[in-house]
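Q: Could you have a look at this structure, given as structure tokens, before my questions?
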Ligand SMILES: *Cc1c(COP(=O)(O)O)cnc(C)c1O
């Protein structure tokens, strides 16, 4: 099957599985797993932070970070479209007693500085204590403008806020902008990075930050049920991904560009945006369900909504993109 629903659908390659088989392991709750340690140290170094912490998911990594930054009755400023607000089951509020202060994202994914400033609450018993600004890069596939990030973090600092980056796809941002990942992570106090997306590992995220913040997150990880034992088999997949699957993200970005150009050439389809490995396109509503079924019959998995997202990844080739575009053309040519 050609699966364009997400970059989470990638399967571990033979080389990655071999690396997992060979992994040296220990009980990581006791701090004994050398492969987990190596991944945490490697990621901390690449991101320019003191320490790293391995998590089973990006959702848990983000939540532990929010809980490390914010106490009960604190709040974080976040985008309406952000994963840490919209797609994590309200975890910060449910499990952390942390109030989100969502703001409308601008078209480029940023949170306008004047809106951030206006949302920061004065010290007053009526208000939650504003503690943290949380951004996301990439967001909807888009790379946050670097100058914006600098200004937003400066603004946060000026008001005494900490900063967190949901960098689930920060490697896509790094490759697309030709910057070392450490340049993109530098402004933030903590950054969460996913290995189970375009990097192609089956499981895993790493949170990086200061030793003090990572120690706090370590406690919350245990509380949240994220303490894993011989997790080196998973960390080995992530280390393999760092070595083999970073530069090749450029192929995914080129494939997404090709996919967008193909869809744009089909009459009733409107391409809304393409950035890094994501394409967003609109299809006439009445065609969504039949087109999705038509594609599935031809071995192509999509999630066809009025505004549909197509994601390229290491299990989608240039030929697969051509097959997909031809199938959509075929559908509308009937
Ligand atoms: C996938 C993703 C996460 C984490 O998701 P998990 O499925 O829990 O690993 C966090 N943020 C963004 C932007 C994501 O795309």
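The values are calculated or read from the model by the stated rules, or taken from the named source; none is laboratory data. All values reported here derive from a predicted model rather than from experimental measurement. No Cβ is skipped: glycine too gets one built from the backbone with ideal geometry, and neighbour counts run over all protein chains shown.
Q: Please list, ordered by residue number, the helices (runs of 4 or more DSSP H) wholly in the stretch 51-155 having 3 or more residues that are buried (at least 23 other Cβ atoms within 10 Å of the Cβ).
A: Fully inside the stretch 51-155 and qualifying: 58-69.
Q: For the stretch 218-231, enumerate the residues that are touching a strand residue (DSSP E or B) at 6+ places or on another chain (Cβ under 9 Å) and either more than 15 Å from the ligand (Cβ to nearest atom) or more than 17 Å from residue 96 (Cβ to Cβ) (or both).
A: 218, 228, 231
Q: Sticking with this structure for a sec: For the condition surrounded by 14 or more Cβ atoms within 10 Å (Cβ to Cβ), more than 19 Å from the chain's Cα centre (by Cα) and modelled with pLDDT of 95 or more, what is the one hit in 250, 281, 275?
A: Residue meeting the stated conditions: 281.
Q: A further question follows. Mind checking which residues of the stretch 170-187 are in a loop (DSSP other than H, G, I, E, B) and out of contact with any helix residue (DSSP H, G or I) (no Cβ under 7 Å at 6 or more places or on another chain)?
A: 178, 179, 186
Q: Using beta carbons and a limit of 7 Å, which pairs, at least six apart or on different chains, have the first residue in the stretch 178-199 and within 12 Å of residue 149 (Cβ to Cβ) and at pLDDT 95 or above and the second one in a helix (DSSP H, G or I) and within 13 Å of the ligand (Cβ to nearest atom)?
A: 184/170; 184/173; 185/170; 191/170
Q: Continuing with the same structure: If residue 263 satisfies every condition in (1) in contact with a strand residue (DSSP E or B) (Cβ under 6 Å, 6 or more places away or on another chain); (2) surrounded by fewer than 16 Cβ atoms within 10 Å (Cβ to Cβ); (3) part of a helix (DSSP H, G or I) but one, which is the exception?
A: Answer for residue 263: the failing condition is (2).
Q: In the stretch 22-43, is there at least one residue being under 22 Å from residue 174 (Cβ atoms) and assigned to a loop (DSSP other than H, G, I, E, B)?
A: No, every residue in the stretch 22-43 fails to be under 22 Å from residue 174 (Cβ atoms) and assigned to a loop (DSSP other than H, G, I, E, B).
Q: Out of all the residues in the stretch 55-66, is one or more without any contact (Cβ under 8 Å) to a residue 40 or more places away in the chain, in contact with a helix residue (DSSP H, G or I) (Cβ under 8 Å, 6 or more places away or on another chain) and away from the ligand (no atom under 13 Å from the Cβ)?
A: The answer is no, given that none of the residues of the stretch 55-66 is without any contact (Cβ under 8 Å) to a residue 40 or more places away in the chain, in contact with a helix residue (DSSP H, G or I) (Cβ under 8 Å, 6 or more places away or on another chain) and away from the ligand (no atom under 13 Å from the Cβ).
Q: Looking at (1) touching a helix residue (DSSP H, G or I) at 6+ places or on another chain (Cβ under 9 Å); (2) more than 10 Å from the ligand (Cβ to nearest atom), find the lone condition where residue 167 falls short.
A: Here residue 167 meets the rest and fails (2).
Q: What are the pairs, 6+ residues apart or on separate chains, where a residue within the stretch 79-91 that is closer than 14 Å to residue 58 by Cβ has its Cβ under 7 Å from a residue that is within 10 Å of the ligand (Cβ to nearest atom) and in a loop (DSSP other than H, G, I, E, B)?
A: That search, which allows pairs on different chains as well, returns 83/168.
Q: Looking at the stretch 225-239, which of its residues are in contact (Cβ under 8 Å) with a residue 24 or more places away in the chain and part of a loop (DSSP other than H, G, I, E, B)?
A: Answer for the stretch 225-239, where residues must be in contact (Cβ under 8 Å) with a residue 24 or more places away in the chain and part of a loop (DSSP other than H, G, I, E, B): 226, 227, 228, 229, 230, 231.
Q: Turning to a different aspect of this structure: Test residue 145 against the stated conditions and say whether it is more than 13 Å from the chain's Cα centre (by Cα), more than 16 Å from the ligand (Cβ to nearest atom) and modelled with pLDDT of 95 or more.
A: For residue 145, the condition - more than 13 Å from the chain's Cα centre (by Cα), more than 16 Å from the ligand (Cβ to nearest atom) and modelled with pLDDT of 95 or more - is met.
Q: Quick check, is residue 130 more than 17 Å from residue 86 (Cβ to Cβ), in contact with a helix residue (DSSP H, G or I) (Cβ under 6 Å, 6 or more places away or on another chain) and more than 13 Å from the ligand (Cβ to nearest atom)?
A: no
Q: Would the stretch 284-303 turn up any residue that is surrounded by fewer than 17 Cβ atoms within 10 Å (Cβ to Cβ), closer than 19 Å to residue 141 by Cβ and out of contact with any helix residue (DSSP H, G or I) (no Cβ under 9 Å at 6 or more places or on another chain)?
A: Checked the stretch 284-303: no residue is surrounded by fewer than 17 Cβ atoms within 10 Å (Cβ to Cβ), closer than 19 Å to residue 141 by Cβ and out of contact with any helix residue (DSSP H, G or I) (no Cβ under 9 Å at 6 or more places or on another chain).
Q: Could you tell me whether any residue of the stretch 180-187 is away from the ligand (no atom under 15 Å from the Cβ), over 14 Å from residue 63 (Cβ atoms) and surrounded by 19 or more Cβ atoms within 10 Å (Cβ to Cβ)?
A: yes
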